[in-house]
Structures are given as C-alpha cells and as structure tokens.
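The values are calculated or read from the model by the stated rules, or taken from the named source; none is laboratory data. Everything quoted here is computed from the prediction, not taken from an experiment. No Cβ is skipped: glycine too gets one built from the backbone with ideal geometry, and neighbour counts run over all protein chains shown. Areas reflect the complete protein model, heavy atoms only, side chains present, ligands, DNA and RNA absent. Shrake-Rupley method; radii C 1.70, N 1.55, O 1.52, S 1.80 Å.
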Amino acid sequence: MAHRYDIDTNRATRRDWLGLSVLVIPILLVSMDISVLYLALPAVVADLEPSSNQTLWILDLYGFFLAGLLITMGSVGDRIGRRRLLMIGALVFGAASLIAAFSTTPEMLLVSRALLGVGGATIAPSTLSLIRNMFHDPAQRKEAIGMWTAGFAGGGAIGPVIGGFLLEHFWWGSVFLVNIPVMVVLLIAAPLLVPEFKDPEPGRFDPISVILSVASMLSIVYAIKHGAQDGFDATTIVTAVVGLVLGFFFVLRQRRGKDPLIDISLFAERAFTAAVLVQFLVIFALTGFSLFASQYLQLIVGLGPLAAGLWLLIPAVAAATGAVFSPSLSKIIPTGTIIAGGLLLIAAGSLTLNFLGADSGIPLMIIGMSLITLGVGAASTLNSDIVLTAAAPEKAGAASALSETGAELGGAVGIAILGTIGTTVYRHGIEGSLPPGTPPEIAGPASETIGGGIAVADVLPAPLADGLRDLAASSFVDGLNLAAVWSAALMAVSSVVIYLLFRGKTTTQKS
C-alpha cells in the first residue's frame, strides 16, 4: 500500500493521524496489563489457589517475556514488516487474554501470561517504529511520539481504575477481557490506516544472535526479580553472571557479524546512548514509586482499589501533560536541557515523597507522584524521538526495541532496588519492635510485607491490632522515605550527566 504525504511539504496526512490513534490504543493496553493484575491478585489466589512461587510468577512472567523478546521482535519487524508483526502481536495478545480470563488452574494462567508477554513484545517496538515512518516532519513526529508516550503512561494509571471497577462488579478474569475488542479493532483498522514498512535489504537472519539475545535478557531479568524476592543468593549471582556473559558474546557477534540483529554502532553516538540511559532511569522511578503509591493509598490511607485508581489519574494527567507539551517547548529550549529538566522533576518528586508520613494523607503523595510523572512524560517523549531518528528508517524497529528494552530493564531494576530498600527497612522496623515471644505464625507474615502486617492486624484483638497497624504503617513509610532519598540523589546526579552528554550534540536525522 503506497504511503501518501501532502504535496511539497512532506507533512503527514489526516490518514496518518488516524493511523496514530490505531497505534496508541494497543500500547495503552500493553502498559495497562503490567499493573492491572496487582489489584486482581487476591481474587486470583482465592480462586486458583496457586503456590507462593506460582503467585510470584503470575505477576512477573508478563514483564519477563516482554523484556526478553523486545530486541528480537524489533529486528523481526524490520524484516517481515512492522504492520504485519503488529497484527500478529494483536492476534497473540487477544488469544492470550481470552485464555487468561477463563483460566481454571495456576498453570493455565502462567501460560497465558507468558503469551501476553510475547504479544506485548511484538506490539511495543512495532507501534513506535511505525511512527518513525509515518511522520517524517520533525515537529509532527515529536507530537506523535508525545501522544504515544501519553498513551503508554496513561495505561499504567488507567489500569487500576478499570481493574478496580471490573473487580467490584465482575469476576477477576474480566480484567483481561477488555483487551479483546481493542485487538479486534486493531486487526480491522491497521490495514486501512497504517502503512506497511520493512527493511528492503535485511540480510540473513541470525538465529544464534536471537538465542544469545533472548537467553541473556531472560537471565538478567530473572536475576533481578529473584534477587528482589530472595536476596543475593547463589541463584541470583549465577543467573546474573550467565546473563552478562551471554550478553557479552551477543555484543561481540553484533560487532563482527555481517548482518547483525542490532546496530551496535548506534551507541557510538553520545545522544543515542544517553537516550537509552534516560529511558532506563525514568521507568526505574515510575515503576518503583507506582508500586509504593498503590500500597500507600490502599493499605495506609484505606482506599478501595477503584478509589485509589481514580486518585492515581492525577499523576497520569501530569505524565500526559509533559508528553504533549515538551515537543512545543523543544522549539525554544534545547532538547537535552528539557530531558535533563525532566530528570530534575523526578528528583523533586522523589524528594517530596521523603517527607511523606503515615498520617500525611493523600495530597502529599499525589504531589510527589505528579512531579515524577510530569518529568517522565517530558523526558520520554523527546527521548524516543532521539532514539528513532538516530537510526535509518529501515532500522527503526531495532532502534525502538533497544529503547523499550532499556525501559523494561529500568522497570525491573526499579521494583527490585527501590522495592528491596522499602522491604528491608519495613522488616527491620517490624522485627525490632514486636513484643518478645510473639508467636511465629504472627511475626512471620507481619514482618514480610505491609499487606501481611495489615492482614495479621485484622484478626488480632483491638489493642494489639491497632498497635501492629500503626507499626506496619510507620515501617512502610520509613522504607518509602529512604527509597525516595536514594532515588532523588540518583536522578539529580543523572540529570547533570545527561545534560553534559547532550550538550552541543544532536542526533543525525537519517532518512
């Protein structure tokens, strides 16, 4: 199908903007599926009765496969056609959602979550790289990426709202069924509104590079997630080392191979390297503190899932605001300055959360989260434009996959590091303050997580329940405060580094 542009200006047509809406909606669902299961988990556990290990993997398997397959799928899209890969991903995502919704065993749900990750890995790089080929005008492309970023950020916030509403009215499987009509619309609309694009000279496909890429990413992500759950034990160390070694051989093969899976030379450009690093940093902060915020609003403030989700729409609006307005701002302020400023906003939001107390209520939490998401929206939009324009159009799929992989790793590391800081402080606070002789059946669950502490308090007599509830809340907030301080310091230092990397540097606009 030929792709049309306005005569003389090379600007995108109305059809392109309609096509953009087709690309934004599925990425909203991919983002939403990362967070929606957190609310449904209690109902899933009650219905399917998974083991503790199965419960962990029900949560993690989606992101695990998503992160592991992004680089491979980005290259596959460049070879077979990005629209074709997008439609294959829609079929897989829709079928997996149907299986998940009607799962009758933990194993069935685990398989469906893995398939959802496979589908998500095909959709994410396909949508972003297609934008690169639909919008050639730099200003229009930044606006389009801003809308794409707003959709991605909005999905994470809308997920709890939609999930909370469905869980209050239907069974837990309904949170997956909402994906299916959207995927049907995508399959119908994409051939009509989205142009096909692929590398005309892709070269030979390298299965060894695919195996090294997938095995390396899965090993590293597994090490991060296992380390966050069980600490730095032998399994964490071995899988991390295996992942890094495989990653080394993958990079070596890309540098020496005639037809590499990804263009390693992109990292020779400082702006591209900085952009991938920024993608890691912003998602690191966003995912880590989104988990804290959800727990604070539900377990400390006492809101229900739907009410908590509605409050979290405010940070989602802040993210969309940053995403939509940063392209216009870049016309008068250097891109690198705006991206560094976005990291400073994340630092300011993190620092705000350092002052949060167990009795602070909702406003301070929402202000801190809104500053973080405003910075994420502003930095991510311009960041994605740099990633896409650094690569030639036929390599945009692989380039966007690198950016998305950085984001997925940032999410895994954010939950692992910030979550581990919070959990460690919480456990120390609980274990150091429980009365001597507290029965193990109480001390164990109460000291594991804030959810366990509140659950134990609910079955204790009134005086003991109130004491444990206050202790759990203060210990949780202490952990959140410390994580916030470390995040603020990291983002402040990173903003200076990123500013210096971008200063005087612009990516080459390849066409």
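A compact table of results
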{"read-out": "Candidates 201, 168, 196 - the one that is at pLDDT 75 or above, of a type outside the set (Val, Ile, Thr), open to solvent by 40 Å² or more (accessible area, probe 1.4 Å) and within 30 Å of residue 78 (Cβ to Cβ)", "value": "196"}
{"read-out": "Failed condition for residue 98, given (1) over 19 Å from the mean Cα position of the chain (by Cα); (2) within 17 Å of residue 74 (Cβ to Cβ)", "value": "(2)"}
{"read-out": "Top-ranked residue in segment 357-378 [being part of a helix (DSSP H, G or I) and of a type in the set (Ser, Thr, Tyr); ranked as surrounded by the most Cβ atoms within 10 Å (Cβ to Cβ)]", "value": "373"}
{"read-out": "Residues satisfying the stated conditions in segment 328-356, i.e. more than 22 Å from the chain's Cα centre (by Cα), crowded, with 18+ Cβ neighbours inside 10 Å and farther than 30 Å from residue 296 by Cα", "value": "330, 335, 336"}
{"read-out": "Count - residues of segment 80-105 that are surrounded by 20 or more Cβ atoms within 10 Å (Cβ to Cβ) and without any contact (Cβ under 8 Å) to a residue 24 or more places away in the chain", "value": "1"}
{"read-out": "Single match in 314, 283 (criterion: in contact (Cβ under 8 Å) with a residue 60 or more places away in the chain, farther than 17 Å from residue 37 by Cα and assigned to a helix (DSSP H, G or I))", "value": "283"}
{"read-out": "Considering residues of segment 208-230 that are under 21 Å from residue 122 (Cβ atoms) and among the small types (Gly, Ala, Ser) only, the residue most open to solvent (accessible area, probe 1.4 Å)", "value": "215"}
{"read-out": "Single residue of segment 317-327 satisfying the filter (surrounded by 21 or more Cβ atoms within 10 Å (Cβ to Cβ) and more than 18 Å from the chain's Cα centre (by Cα)) that is nearest to residue 488 (Cα to Cα)", "value": "326"}
{"read-out": "Helices (runs of 4 or more DSSP H) wholly inside segment 93-180 containing at least 3 residues that are farther than 15 Å from residue 58 by Cβ", "value": "106-134, 138-169"}
{"read-out": "Subset of segment 295-308 (residues that are under 17 Å from residue 368 (Cβ atoms), under 21 Å from the mean Cα position of the chain (by Cα) and open to solvent by 30 Å² or more (accessible area, probe 1.4 Å))", "value": "295"}
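Here's the yes/no breakdown for (1) open to solvent by less than 30 Å² (accessible area, probe 1.4 Å); (2) touching a residue at least 40 places away in the same chain (Cβ under 8 Å):
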{"residue": "232", "(1), (2)": "no, no"}
{"residue": "235", "(1), (2)": "no, no"}
{"residue": "241", "(1), (2)": "no, no"}
{"residue": "270", "(1), (2)": "no, yes"}
{"residue": "289", "(1), (2)": "yes, yes"}
